[in-house]
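Heads up: the structure comes next, in structure tokens.
Values in this text are rule-based calculations from the coordinates and carry no lab data. No experiment lies behind these values; they were computed from the predicted model shown. Note that each Cβ is placed from the backbone with ideal geometry, even for glycine, and that neighbours are counted across all protein chains shown.
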Amino acid sequence: MALISLVRGMRDLLPAETGDWRRAETAAAACFARYGYGEIRTPVVERLALFSRQLGAHTDIVKKEMYAFADRADEELCLRPEATVPTVRAAAAANLHRGGVARLWYGGPMFRRERPQKGRYRQFWQLGAEAIGGAPAAAIDAEQIIMLSALWAELKIGGRLQLAVNNLGAPAERAAYGKTLAAYFRRHLGDLDEPARAAVDENPLRILDSKDEKTAEIAAAAPKIESALGAGSRRHMDSVKSIIAAAGVEFLEEPRLVRGLDYYNLTVFEWTLKDDARRQNALCGGGRYDGLSEQIGGPPLPGCGFALGLDRLVALAESRAAAAPDCFLTAAGARAEYCMRAAEILRGAGFSVWQHGGGGNLARQLKKADAMKTPLAIIVGTEEETQNTVSLKRLRDGKQCSAPLENAAAAAASLHSPTENI
Ligand code: AMP
């Protein structure tokens, strides 16, 4: 019988990769904590109604990518396609905004039934942060951008990324601009590609970031949002730009940056790879969503947040091979109980110990330890067991010693210090 295969668009992360993942997650968690963000974990399963309207009825996610299902009690549920809306729901339900702005970060798998390709999966991981409640201050948007720049620098990928920012204005300004755009695109209907034609009435802003050559050409000549912005919106964005520029963050103003989801207003931002001119593979995007809480039945709460794709971040960041275990414990005649005791004593002192399973004489086991590049071999044979000792050998230079079992850790430490393995 053939092995049952993976579901399309899903993937297994194997031990050779998970170390890089954990390091990226740990760096991000530490970075977010330095800016006062606390971790929140929301469920993978949510009500379908939480997303349908908020993301936009005409967005690809809602129209064709949701993993939606009726559960056994006929409730309309789905696997979350993103975590901003659930985070706002959770913050509002728990009144986290009571003391002012709630700064929250999350990490976990999201699900969208997109067409799988390199860097695009149906289950993918996002890390994100949301600042919910308080005042809709430009300093909050700017601080998130500065925090992410610090993370890119720490992961040594800043030089390969390009930040674009745009101002989508207040909701009424965005809506008015949508009408202007729709009128413009209607005049060019014949030259637009099929998805753009369908979007003219439903979601004209989306056409601005079309990847179709002819459509993109028409979009480039479309009226800019700048003309629809009021003084308050301009002030907000000017302030964001001034704060990030003063912090040394480089950015491009990109009037065609609209982001995929409907809930954004004012600031939107996105990091893409510098050598990816068509912005196919954004690494991280976000913006302000001041009306979102009310749209899901919550209190009026301003908010600003972002999500970064961990699959893409790990692919960009430096990879480091997992370190070999510190000790290879050979089974050379001692009983399993004795071997286990020796291993546990070493582990208790912080050493990682690989216990040999199965047969093979001592020479073959030592060869395997060499191949695994373990620094130490711990030899426990019948003689060691009878004398209640262990023998240790540093494989790099063959230096050996022997010690009473209870001193095994000190003896190991005299030859090699435990490796930090995470
Ligand atoms: P979004 O929630 O669409 O704004 O996406 C935020 C980030 O999540 C993107 O910039 C990507 O890095 C990542 N992302 C979104 N969709 C996918 C996907 N299908 N596969 C892998 N990463 C994704």
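Taking a 28 Å limit on the Cα-Cα distance, which of the listed pairs Lys274/Lys373; Lys118/Lys241; Lys179/Lys274; Lys64/Lys118; Lys118/Lys274 fall beyond it?
Going by Cα-Cα distance, Lys274/Lys373; Lys118/Lys241; Lys179/Lys274 fall outside the 28 Å limit.
In nm, what is the difference between 0.36 nm times the number of residues separating Ser242 and Ala30 and their Cα-Cα distance?
That works out to 73.7 nm of additional length.
Output the relative contact order of the chain, whole-number percent, from Cα pairs under 8 angstrom with separation of 6+ residues. Spell out each step's value before the answer.
Values: 726 pairs, mean separation 66.0, N = 422.
Over the chain, the number comes to 16 percent.
Which FRET efficiency, nearest 0.05, do Leu14 and Asp201 yield, Cβ-Cβ r, R0 45 Å?
On the way: r = 47 Å, r/R0 = 1.04.
It comes to 0.45.
How compact is segment 97-137 by the rule of thumb for globular proteins, expressed as Cα Rg over 2.2 N^0.38 Å?
1.68
Give or take rounding to whole Å, what are the principal axis extents of the alpha carbon atoms in segment 193-267, in descending order?
Each principal axis gives a Cα extent; for segment 193-267 these are 43, 23, 21 Å.
Taking neighbour Cβ counts within 10 Å as the exposure measure, how do Ser227, Ser210, Ser239, Ser293 sort from fewest upward?
Ser227, Ser239, Ser210, Ser293
Order these by the 10 Å Cβ neighbour count, fewest first: Tyr121, Tyr184.
On the way: Tyr121 20, Tyr184 17.
Least crowded to most crowded, the residues run Tyr184, Tyr121.
Among the lysines, select those whose C-alpha is under 19 Å from the C-alpha of Lys367, and discard any that sit fewer than 8 residues away in the same chain.
Lys393, Lys399
Eigenvalues of the Cα gyration tensor times 5, then square-rooted: what semi-axes does that give for segment 100-248, in whole angstrom, largest first?
Listed largest to smallest, the semi-axes of segment 100-248 are 30, 23, 16 Å.
Regarding segment 141-227, what is the average projected area of its C-alpha convex hull, in nm²?
The number I arrive at for segment 141-227 is 7.1 nm².
Consider all pairwise Cα distances in segment 77-171 and report the whole-number % of them above 21 Å.
Roughly 50 percent, once rounded to a whole number.
How high is the relative contact order of segment 177-325? Use alpha-carbon pairs under 8 Å, at least six apart in sequence, and give a whole percent.
Relative contact order for segment 177-325 comes out at 14 percent.
May I ask for the distance between the Cα centers of segment 301-324 and segment 379-413, given as a whole number of Å?
Between the Cα centres of segment 301-324 and segment 379-413 lies a distance of 42 Å.
Please identify, among Leu79, Leu376, Leu161, the residue showing maximal mean-square fluctuation in a Gaussian network model of the chain using a 10 angstrom Cα cutoff.
Comparing Leu79, Leu376, Leu161 in the GNM, the peak value goes to Leu376.
Provide the FRET efficiency to the nearest 0.05 for the Glu337-Arg22 pair, computing r from the beta carbons and using R0 = 30 Å.
0.35
Add +1 for every Lys or Arg and -1 for every Asp or Glu among the other residues with Cβ under 12 Å from the Cβ of Gln295, and state the total.
Net of charged neighbours comes to -1.
Based on alpha-carbon centroids, what's the gap between segment 249-295 and segment 82-108 in Å, whole number please?
Computed from Cα coordinates, the inter-centre distance equals 20 Å.
Hey, can you rank 251-260, 102-111 by average C-beta count inside 10 Å, highest first?
Result, highest mean Cβ count within 10 Å first: 102-111, 251-260.
Kindly put Cys78, Cys339 in sequence by how many other C-beta atoms sit within 10 Å of each C-beta, fewest to most.
Least to most surrounded, the residues fall as Cys78, Cys339.
Normalized C-alpha radius of gyration of the chain, against 2.2 N^0.38 Å?
1.27
State the antiparallel share, in %, of DSSP beta bridges confined to the chain, rounding to the nearest 5.
80 percent
Could you derive backbone 3J(HN,Hα) for segment 24-29 from the dihedral phi with the Karplus parameters 6.51, -1.76 and 1.60 (θ = phi - 60°), listing whole Hz in sequence and x where the residue is Gly or Pro?
5, 5, 5, 4, 5, 4
Could you calculate the FRET efficiency of Glu154 with Ala49 from 1/(1 + (r/R0)^6), where r is the beta carbon distance between them and R0 is 51 Å, rounded to 0.05?
My answer for the efficiency is 0.85.
Which whole number in µm²/s is D for segment 8-127 by Stokes-Einstein, with the Kirkwood Rh taken over Cα pairs at 20 °C and 1.002 mPa s?
134 µm²/s
With bins 10 Å wide starting at 0, give me the P(r) of segment 272-396 over every alpha carbon pair, in whole percents.
Pairs per bin, as whole percents: 11, 27, 14, 10, 14, 14, 9, 1.
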